[in-house]
């Protein structure tokens, strides 16, 4: 007979007095790390914007906010973001409807095409469209002028509308995903009860279905809005040549032109405050105007949602939908690869003008290899560290629940709503020597910025995974003889491992192709892949920039495929 | 000699005093069912036994080991108590196979591998899950997962196992089967089982002894199923088990009469000696202990009649009171069904007498 | 003679599924529901009841046959006719209530009237009346997510009766409510029907719910109608073993009939003292119910109490009869102890032939759908 219990004498020595437990250590560690990584950069921005040489002063802010350049940048930012949101939402809802509720053919093909924008860095797309529709030298424009005998270019992508077009082609999937999911998972009896009540199909859509997916629409729209307000890549590529600035690109310009001087950075800090204010106002207005969150409309039993028969419109709509997708998704992709092969930008895109020299050049240039290496190191490290940190904080907030866990939670998700540009400035101000640590011009400063930027991603994934680990699973281990640490190791960790792996890739991929943050933080030897592509283009070396861009795309696709294959295999077990 | 002893256990969640001076003893090798409504403190008591909660006062003994004593400042940590537990949601670890789940307690004790393998095989045979040894929990049904949980509990300890609402999440048919299996298992292994539930039916079927807790966390009655059913000590116990009717008897001129609000009716039953002094007495009657009797002086009107298959259910208004009556099919066949609206005579068989609840006496 | 409100004539529905081939979900359903009746369709999952209800509502079209509402055909395979649900003028309450979360109580209930372009004052009046009938007065401006399950069901009910339909369809009306609420709603539903005079057709797998509510019931299994009758007749005179065991608890005893006497299998010396049916086979099943067995007398078959279990409202005994064990239920006051001897008497049993088990397999196949 196995008996776990010893003699009374032995166990009497075990006193219930609390020692410093694992819980306390984890909590303290979380607080310290978040303070350093998140709170410090943000505080530094606020400090330097409002204080000069130790004195409170609004001079800087007033000076910056009253400049014409600042105001025009702000209006551009708002204008573009609103246009992208409105049109992106319309396109997103249109496709969600087609794929979620109609009998249109080719649904799986279209769904597949939708996954591509997610993998593509928008600035590469902007580059591709610029190659095609640049007001002066775009391929399509020159072809049109020649063919139709026009006096000037019919399309100019270097405009507000150009920026809007490119941004929306990458952001509309946000709305699409949310709405198609809501439509597919909606309880069909909500619509059936309307029909029994006497409503025809059209009325049902208008009065029942649409209102019920409005929360999903507005969730997606908010995501588009915030992403566009903070976006750097597309306005940078398409706007600079025409002097069109948004707040993020203005901030970059101010710092770049000042050569990275302290003064320039201060100005950047002031503009950052403005940008954050705009984002905050947008959030606030959205909360008041449209209800976010969702209604409880998910069905329990597996029932098929009602499908609308398109009848005569079926094929025309299919052609429209597919061709739009092809234009938005495939055209830029093809452009990048074609220009990567051309001997010189401007030459007609015919095989006679193709060469592999561009690839040769970029792979022999030390700058390229280094930039790929840097991005790899940064992405892998950021992925790992953020994953561990995010899981630690999620565990503390959810399972340990100490006093102040709300504060921890807020600190960890705060960086999500702060634009990457702003975060970069905060990191510069914090870690360039003023607090005793100087990481400027090293990979470390970029790493710190990445960790702050992506922390909320892993926090969310790990939180969701921990929610699935019911407390009784850990308690069962304790009663079977496992100490608190052992139960974490044997039970909790293995159960959240799949989510942690997902979390890693969720950070690795965006970090690989990122440019917004690293463009403000790079030094002579610490260029990232995104920065290198951007620099090549800035120097006018279009074919080489495209070649490197195509390499980046291949890299991303390969990693994505591996991740998907791993996911599939795991689910199949 | 009691095997498990709770002595004067007190526990509070913040301001909420869940347990106050609670005492209970379990005999070796018995199945003790602790029944009470949700929130009465039974799960808290179990967590104190396991070491997952720490009482503010009292002592807990298992065998001759003191697990907890507030006076002597003893509190054995959960992982050293060696008590098997089956949780309501089974808490079977999804990433480990059936074998790994069951072997875990012994791994923690560093039992040699061969010994572990042998014991796992033995216990799997006992719960009839031998062919599932390498399965993952996701491949098992609810009932099978629960057997794995039971097997794991047996590995932690084969002399004390706690079960906290283990069958609530199973469907009705499976519940019956599991109750039977748990009973059989206990008979085979001889372990002491502490079974916690709000389901009176399960407690009655399973327990050698049944302990009833009221919502305030007090132990009201302790006894066999027959004691609880045929000799419920208080009104609470009588009402806790199944549907009941309560009538009032009022003492008028030295005689107890049935108080129907607007009228009084003669009461033919025999009031027990110790309650005869009371001005008001509560009488509990089960719905199937009221029968129709044309000659009875107690009259009522049938307000509602529902056919439930195995019985007819009637709501009969007598005076100001509405009584719930169940008539079995045998009886209905003999004395006939009663239609809504008809006037009937009522006869009360098998009444239970209790001192009046204070509110009613006023 | 009451008018026929709903009629199904030779209605059949076939499905082609990917995994299990062709299924006949509803096989030649023929029945009539009369005005003012409460009619239920009862059976295990896969019996065709939900499909049948959806065909009456118009969400599914039939493969063969005709469905008529108040004498007017709404689905007909012959005439290639299919009237969509919005034109059938029915009231329906769905299992999960299907109350619209983005509208408050008033707007939910007013919806059917607004569709019919009823004027504002009239809408106001009729909605208020419907709310009064369902005890929801005062909650007009509340949103469904702030109300309990029982109240949400009342909203669904109010919405269904506001157009004064002749026929109300209910899909598992009480299964999403907790037991206490179920009883209250059962009563209120009957009251409502009495007051407003509509016909109810409801579908359920819960036999006690069906028996308590229905005037007549249809019991279905594997797409086929087994029996249509009043609850009492179905319970006391079930036509076959399936219906017997589906309604309430059943006890099936294998018996041998010889020389006009009935013996339990395993004991051919002591007769049971029950009259055999006319045209009895030498081996049959005696079917009865645990509370239709009398153990308080001194006639019948002598045996003893083997096991006693106390349930909350009755005592259950397991009594050996021949080589089988019979379950008997009595009120608590009939107190035998284990080991006591007793006489067991079967009162008015049903008789069935010894059955084959292919039906079991088909039933299991349907449960997968």
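On C-alpha positions alone, give me the angle between the axis of helix C:120-133 and the longest principal axis of chain C, in degrees, nearest 10.
20
Averaged over B:327-339, how many beta carbons belonging to a partner chain fall within 10 Å of each residue's beta carbon?
That average works out to 3.
Using the beta-carbon distance between residue A:326 and residue B:56 and R0 = 56 Å, what value does 1/(1 + (r/R0)^6) give for FRET efficiency, to the nearest 0.05?
That gives a FRET efficiency of 0.20.
Label points 7 Å out from Cα along the Cβ direction at residue A:405 and residue B:15: separation in nm?
2.3
In what sequence do B:60, A:315 fall when counting other Cβ within 10 Å, fewest first?
Lowest count first: A:315, B:60.
Considering only C-alpha atoms, what is the centroid distance from the range A:471-498 to the range B:283-308, in Å?
Result: 57 Å between the Cα centres.
Considering only C-alpha atoms, what is the centroid distance from the range B:11-46 to the range C:73-111, in Å?
Result: 51 Å between the Cα centres.
Can you give the average number of partner chain beta-carbon atoms within 10 Å of each beta-carbon in peptide A:468-476, as a whole number?
6
Take residue C:175, project a point 7 Å from its Cα along the Cβ direction, then tell me which residues of the range C:20-59 have their backbone nitrogen under 16 Å from it.
From the range C:20-59, the list is C:40-54.
Starting with the highest mean, order B:207-214, A:386-393 by the number of other Cβ atoms within 10 Å, averaged over the residues of each peptide.
Peptide ranking by packing, descending: A:386-393, B:207-214.
Using a Förster distance of 22 angstrom, determine the FRET efficiency expected from the C-beta separation of residue B:257 and residue B:339, and round it to 0.05.
Working from the Cβ atoms, E equals 0.15.
Which whole number gives the average count of other chain Cβ atoms within 10 Å of the Cβ atoms across peptide B:136-143?
Mean shielding count: 0.
Rank-order A:93-103, B:260-270 by packing density, defined as the average count of other C-beta atoms within 10 Å over each peptide's residues, highest first.
Top to bottom by mean Cβ count within 10 Å: A:93-103, B:260-270.
Taking a spot 7 Å from the Cα of residue A:366 along the direction of its beta carbon, which residues of the range A:536-565 have an amide N less than 19 Å from it?
Hits in the range A:536-565 for residue A:366 at 19 Å: A:536.
Using r as the Cβ-Cβ distance of residue C:28 and residue B:139, and R0 as 35 Å, what FRET efficiency do you calculate, to the nearest 0.05?
Here the calculated transfer efficiency is 0.30.
Calculate the length of the line joining the C-alpha centroid of the range A:311-352 to that of the range B:225-261, in whole Å.
After rounding, the separation between the Cα centres reads 86 Å.
Please compute the modelled spin-label separation between residue B:28 and residue A:111, points set 7 Å along Cα→Cβ, answer in nm with one decimal.
Once both label points are built, they end up 6.3 nm from each other.
Dividing the convex hull volume of the alpha carbon atoms of the range C:4-241 by its residue count, what do you get in Å³ per residue?
In the range C:4-241, the Cα hull volume divided by residue count equals 141 Å³.
Rounding to the nearest 10 and keeping the result within 0 to 90°, find how far the Cα-based axis of helix B:172-189 lies from the longest principal axis of chain B.
For helix B:172-189, the angle is close to 60 degrees.
Show me the ranking of peptides B:282-291, A:152-161, C:342-351 by mean Cβ neighbours inside 10 Å, starting with the highest.
Sorting B:282-291, A:152-161, C:342-351 by mean packing, highest first, produces B:282-291, C:342-351, A:152-161.
With the calculation restricted to Cα positions, what are the radius of gyration and Dmax of chain A in angstrom?
Expressed in Å, the Cα Rg and Dmax of chain A come to 26.7, 102.
Mind giving me the nanometre distance, one decimal, between the label points for residue A:53 and residue B:172, set 7 Å out from Cα along Cα→Cβ?
Using points 7 Å along Cα→Cβ, the separation is 8.6 nm.
For chain A, what does the helix formula give at 222 nm: sum of -39500 (n - 2.57) over DSSP H segments with n ≥ 4, over the residue count, nearest 500 deg cm²/dmol?
Theoretical 222 nm ellipticity from helices: -22500 deg cm²/dmol.
Bin all alpha-carbon pair distances of the protein assembly as shown at 10 Å intervals from 0 and give each bin's fraction as a whole percent.
It works out to 1, 7, 12, 15, 16, 17, 14, 9, 5, 3, 1, 0, 0, in whole percents.
Considering the Cα positions of the range B:162-229, please state its Rg to one decimal place and its Dmax as a whole number of Å.
In Å, with Rg to one decimal and Dmax whole: 12.3, 36.
Would you kindly give the portion of the calculated P(r) for the range B:191-281 that falls above 19 Å, as a percent of all Cα pairs?
53
All of the numbers you see were taken from the coordinates with simple rules; none came from a lab. Note that the structure is a prediction, hence the values are computed from the model and not measured. Heads up, the Cβs are rebuilt from the backbone with ideal geometry, glycines too, and the neighbour counts pull from every protein chain shown.
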